[in-house]
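Participant: Structure incoming, see below.
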C-alpha cells in the first residue's frame, strides 16, 4: 500500500516544513500546518480501505502496517478530532510564541497516534508509542511552567509504562521469534502460565499509564492543564484513548484466554471504578477550569476502563462508545476553556462570570459538551452510560454500579460549576469587553456539539464500526440486528424500550424550562456582585465575591476523609528517597586519588577471594 | 589492495613526529596535516573494511617474522569496524577543534594536535595488534597522550585530574605487565593466536589470576566501577573534544582489549557472567551518580561510564545477538556521546564553573547547538526514532534471548534514571531564564559542521538502521569465530 508511505511522508515532511515556514510568514505556516493534517486525513479515509496492509522490513525485523476495523474506529477518533483541533489551533495560536514548535509536535502527535492504530507489529507500535510520548511531553512543557516537576513526572510515568511494554515485547520475541501482533496472540495460548500472567500485566501497565488509571494517574492533572488547550483537547480526547485501544486488544486477545480464577478483569474494573469516583471528587474541588477538566478526564477514562475490563460484549461496546463520546465532549470542553482563556486571559471560575451573552456560540458548545458528559439524554453520553449500567447489572457487578452511579451523579456538581461559573451568573464590568472567539475556534467546537447531538439520536453510526471492530478481535456478534438501524427510538440493549424514558425525561425538562422562563420573566432584576446584603457590612473592593468561591464546601467537607490520602504524596516521598540514595552513590567518587587507588586494590582482592565462585 | 593495516599505525605516528618540524615551516601546517592524515586513514579504513567484508581478514606481518614469532596486525571485520569508527571520530574531533584552538596560540595547538595523533595511533594500534606485549605498548601510548590532553588547560584542576588519571594509569600498566609476565612465563609466547591455542595447558590458578589482572588493568582504562575514579575528573577538566575522543576512542579501544582477552585468548566460561556483573554494577552506580551532578561534563562522563557498563553487559551475554547489540551500542554511543560533549562544551563555554545551572535559556543564543544537544539527549536515552533506540532494542532482545529477565528489568529501570537527568538539562536549556552573568559563545563554523554531521548520522541510523547493521552483523560474526581468527593468523608463512 503506497498510500501509507505517502501519508507518513506528508506528515513528517509537512511537520518539518511547517516548523521552518514560521521564518517566512505566519499565514504560510498556518496553511502548511492545516494541509499537513488535513491532506493525510483525506488520503487516509479516501485511499485506505479496511484490510489493506503494507509489509516491509527494517534492521532485519519484518514489520507490517495495516488497517482492521478496530484500528479504523480509533483512526476515526484520531484523525477526526485531530483535524478539528488543528483548525482550532490556527485560531488559538494566533499571536502566541513558539508556533513552529507547537505545530511540529501537534503533527507528530497525530502521526504517531495514527501509526499506533495501523501498526500490526510490536516494534512499529512501540516506536510510534514513544514518538507519541515525547511529542506530547514537549507539548506539556510548552508553556514553560514548572517543567521540571510536571513535565518530568509525565515523562517518567510514561517511560515506566513504555519500558514495561518493551520488556513484554522482547520476552514475546524470545518465545515466538517474530514481532507480529498476530503471532503473539497465537503463541499466547502455548506459553507457560507465568508468562501468560506477566505479559498482559506488563502491557497493561503501559496502557494504564496513558489511560490515566489510578494509581498511575498522578501525571494527568498537571500535564493536561499545563499543555496548551488546543493540544489538550487532542491529548485528553485522542491520546488517552491509545491506552484504551491497547487495553482492549490485550484484554480481548489475552486475558480472555486466562484460566478462571485469575481476577484480572475484576481488579482492573475496580481500579477503573475507583479512578472514576476519585477523579470526580477531585474535579469538584478545583477552581480552575483546566484542572477541573483534567480530573474529569481521569474520571471519565475510569468509566471507559470499567466498561472494557468487564468485557462482556455489551460492556465492551459501552466502553468504546464512551471512548468516542469522551473524545468528542472532552475535546469540545477543552476547546471551550481554550477559547475563554484566549478571550479573557484566565480560566478561573472565581474570576470569570456571565459570559453567555458575550460568547453565545462557545456557550452552545459548552452546553452540548456538559450534557453529553453528564450523560443526560438526548445526547450521546446518555447512551454510553446506559449501556454501561446495563452491562454491569447483567454481569452481576452491583457494587460497581453503585460506585459508578455515585460518581456520575457527583459529576453533575462539577458540570454545573463549569457551566454556571463561566457563562451564567452576574455580568461583571471587568469582562464587558470580551467578544466571541474567532471563527476558526468556534466552528470546530460547534461542529463537535452537533456531532454529539447526532450521535445521541443515531448511535448506530458509531456502534456499527465498534461492532465490526469487536468482531475483528474475535467477539461473536449477538446484537447485530439492533445496530444496523440503531437509533434511540428502537428498543435495544437487553430489549429495554428507551422511548418512554426519553420522552418522560424530555417532558420534565421542557416543563421546567417553561416554568423557569415564566417565573424569570416576571421578576427579573439585574444585579452585580456587590449588590448584596451582608449584615450591614460593606464588602471591601478587593474581596472576591464571585459566587463560585467555595462553591461546594459542604460537599467537600463530607468527602474530605476519602480525599486525604493522595497518591502523589507517596510518589514524591519515594522520589525523594531515591534522590537521597543517588546522592549517597555520588559520594563514592570522593575526588581523592588515594581513595581511587584503594578501590583498585579492593577490587582485585574481592575478585581474587571469590575467584572460585566467579570463574 | 589500496593499503595495508600497518599504515594505520605508521602514518599518524610519523605525522605526530613531523608536526613540530612542519610547524617551523608554516604554522598553519600544524592544523592541516593531522586533518589530511585522518582523511587519508578514513578513506583507507573504509576501503579496507569493504575489502575485508568480502574477502576475509588481512593479517599483516611486521618485519618479516611470521607469527607466532613476530608481531602481526589483524584487520578483520571486527577490528576493522572499530578502527573505522575511531578514525571517523578522530576526524570529527579534528574538524571540531580546527579553529577551536586557534585562539590558544601556536604552542598549545601544536601540542594538542600532536597528542591527538598519538592518541589515534595508540587506540588504533590496540585494536589492530595481534600481540599482547605490543598491545601493552599501544595502551601506554594512548595513556600518555591521554594524561597530557587532560592537563591541556594547565590549570590547577586539570593538573589534578591529569594526575589522578596518571596515577591510576600507572597502576594499570603495572598490573598489565604482571599479567603478561604470568602468561609468558607459562606459555613462552606473546602472540594472541598462539596463546589461544595453548591456553588450555595453563594451570587454572595461573590462568584465572592473569585474567583477573588483565581485567583490572584494562578495566581502569575502560572505566569499570570501581576502577574508574579518574574518569569523571578527566572528562570534566579536559577540553570538550578531548572528552569526545575519550568516550569515542580511548574507552572503545580498552573495551576491545577486554573483549579480545575474554572472547579469543582465554577459555574461561565464567568470565562472561563476570562481565555481566561488573557491567551491571558500573551501569547502575554511574547512572545513579550522574543524576546528582552539578557540572555538565561530569554528568556526561558518568553517563558515558554507564553506557560502557551496558556494552560490557551486552558482551557478557556471549551470544551472537549480544555481541551485535554491544557493537551497535558502541557505535551509537561513540556518535551520540561525542555530539553531547561537543555541543555541551559550547553550552558552558564561557561559564566559570561549567555547572548545569549555567546552561539555562541558552537556546535563544545557540539555537543549533542547543537543538543538537537535545537531539543527542533524546537519542542516548533510546527514544525512537533516533539511533539510540535500535541499539537499546537489540540489547534487550539479546537479554531476553539469553533469559536474563532480571538484568533486563534493571537496565530498563536505570534507563528511567538516565531519562530524568538528560531531560532536566534539556528543559533548562529551553525553558529556564538565562543567567545574566554567562555569555553565550557562538560555535565556529567548523565546529558546527562536525556537530551537524553527527546529528545527521543520528537521524540516518534512527530512520534507516540498515545502513550500518549489515557491517555490524559481519563484525560480530567475526568476533564469535575464534578458530577462524587463530587459523588466519597462524597460517601466515613468510
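Participant: Expressed as a rounded percentage, what relative contact order does chain B have, with Cα pairs under 8 Å and six or more residues apart?
Facilitator: Rounded, it is 17 percent for chain B.
Participant: Could you tell me the calculated FRET efficiency between residue A:592 and residue A:557, based on Cβ-Cβ distance and R0 = 51 angstrom, to the nearest 0.05?
Facilitator: 0.30
Participant: With labels modelled as points extended 7 Å from the Cα through the Cβ direction, what inter-label distance (nm, one decimal) is found for residue B:410 paired with residue A:454?
Facilitator: 5.8 nm
Participant: What are the equivalent ellipsoid semi-axes of the range B:354-461, built from the alpha-carbon gyration tensor (square roots of five times its eigenvalues), in whole angstrom, biggest first?
Facilitator: 32, 18, 8
Participant: A further question on this structure: What is the angle, in °, between the Cα long axis of helix B:367-380 and the longest principal axis of the Cα atoms in chain B? Nearest 10 is fine, range 0 to 90.
Facilitator: It is inclined by approximately 40 degrees.
Participant: Roughly how many Å is it from the Cα centre of the range B:166-199 to that of the range B:125-156, as a whole number?
Facilitator: Centre-to-centre distance over Cα atoms comes out at 17 Å.
Participant: Modelled label-to-label distance, residue A:516 and residue A:97, 7 Å Cα→beta-carbon offset: nm?
Facilitator: Taking the simple label geometry, residue A:516 and residue A:97 are separated by 4.3 nm.
Participant: Sticking with this one: Hey, what angle do you get for helix A:593-609 against the long axis of chain A, alpha-carbon based, 0 to 90 degrees rounded to 10?
Facilitator: Once rounded, one gets 60 degrees.
Participant: Still on this structure, I have one more. How large is the direction-averaged shadow of the alpha-carbon convex hull of chain B, in nm²?
Facilitator: 21.2 nm²
Participant: Distance between the C-alpha centers of the range A:174-241 and the range B:289-306? Whole Å please.
Facilitator: The distance from the Cα centre of the range A:174-241 to that of the range B:289-306 comes to 32 Å.
Participant: Efficiency by 1/(1 + (r/R0)^6): what FRET value for residue A:393 and residue A:53, r their Cβ-Cβ distance, R0 = 41 Å, to the nearest 0.05?
Facilitator: For residue A:393 and residue A:53, the calculated efficiency is 0.55.
Participant: Give me A:312, B:142 sorted ascending by neighbouring Cβ count inside 10 Å, so fewest comes first.
Facilitator: A:312, B:142
Participant: Give the Cα extents of the protein assembly as shown along the principal axes, in whole Å, largest first.
Facilitator: The Cα atoms of the protein assembly as shown stretch 113, 65, 53 Å along their principal axes.
Participant: Arrange the following residues from fewest to most other Cβ atoms within 10 Å of their Cβ: A:612, B:131, B:488.
Facilitator: Lowest count first: A:612, B:488, B:131.
Participant: Okay, next question. Counting only Cα atoms, I'd like the Rg/Rh figure for the range A:567-614, Kirkwood definition for Rh.
Facilitator: Ratio of gyration radius to Kirkwood radius: 1.27.
Participant: While we're here: Can you give me the Cα centroid spacing of the range B:21-44 and the range A:1-54 in angstrom?
Facilitator: Using only Cα atoms, the two centres lie 48 Å from each other.
Participant: Is the range A:121-278 best put as rounded, prolate or oblate by its Cα gyration tensor, with a ≥ b ≥ c the root eigenvalues, rounded for a/c under 1.5, and otherwise prolate when a/b is larger than b/c, oblate when not?
Facilitator: It is prolate, given that a/c is not under 1.5 and a/b is the larger ratio.
Participant: Can you give me the three principal axis dimensions of the range B:269-463 from its C-alpha atoms, in Å, biggest first?
Facilitator: Each principal axis gives a Cα extent; for the range B:269-463 these are 56, 32, 23 Å.
Participant: Rounded, prolate or oblate: which one fits the range B:77-136, using the alpha carbon gyration tensor with axes a ≥ b ≥ c (rounded when a/c is under 1.5, else prolate when a/b beats b/c, else oblate)?
Facilitator: Judged from the Cα gyration tensor, the range B:77-136 comes out oblate (a/c at least 1.5, b/c at or above a/b).
Participant: Given the convex hull of the Cα atoms of chain A, what is a quarter of its surface area in nm²?
Facilitator: 35.7 nm²
Participant: Go ahead and estimate [θ] at 222 nm for chain A from helices alone: -39,500 (n - 2.57) per DSSP H run with n ≥ 4, summed, over the residue count, rounded to 500.
Facilitator: It lands at -23500 deg cm²/dmol.
Participant: Quick check on the range A:1-238: take the gyration tensor over C-alpha atoms, sort the square-rooted eigenvalues as a ≥ b ≥ c, and tell me if it's rounded (a/c under 1.5), prolate or oblate.
Facilitator: Oblate is the answer for the range A:1-238, as a/c is 1.5 or above yet b/c matches or exceeds a/b.
Participant: Return the distance in nm (one decimal) between the two label points of a simple spin-label model at residue B:156 and residue A:609, each offset 7 Å from Cα along Cα→Cβ.
Facilitator: Placing both labels 7 Å beyond Cα along the Cβ direction yields 3.8 nm.
Participant: Now a separate question. How do B:221, B:287 rank when sorted from fewest to most other Cβ atoms within 10 Å of their own Cβ?
Facilitator: B:287, B:221
Participant: Over all directions, how big on average is the projection of the convex hull of the alpha-carbon atoms in the range A:1-130, in square nanometres?
Facilitator: Answer in nm², one decimal: 7.8.
Only the coordinates and a few stated rules stand behind these numbers; no lab work does. Model, not experiment: these values are computed from the prediction. Positions of Cβ are generated from backbone atoms using ideal geometry, with glycine treated the same way; all protein chains shown enter the neighbour counts.
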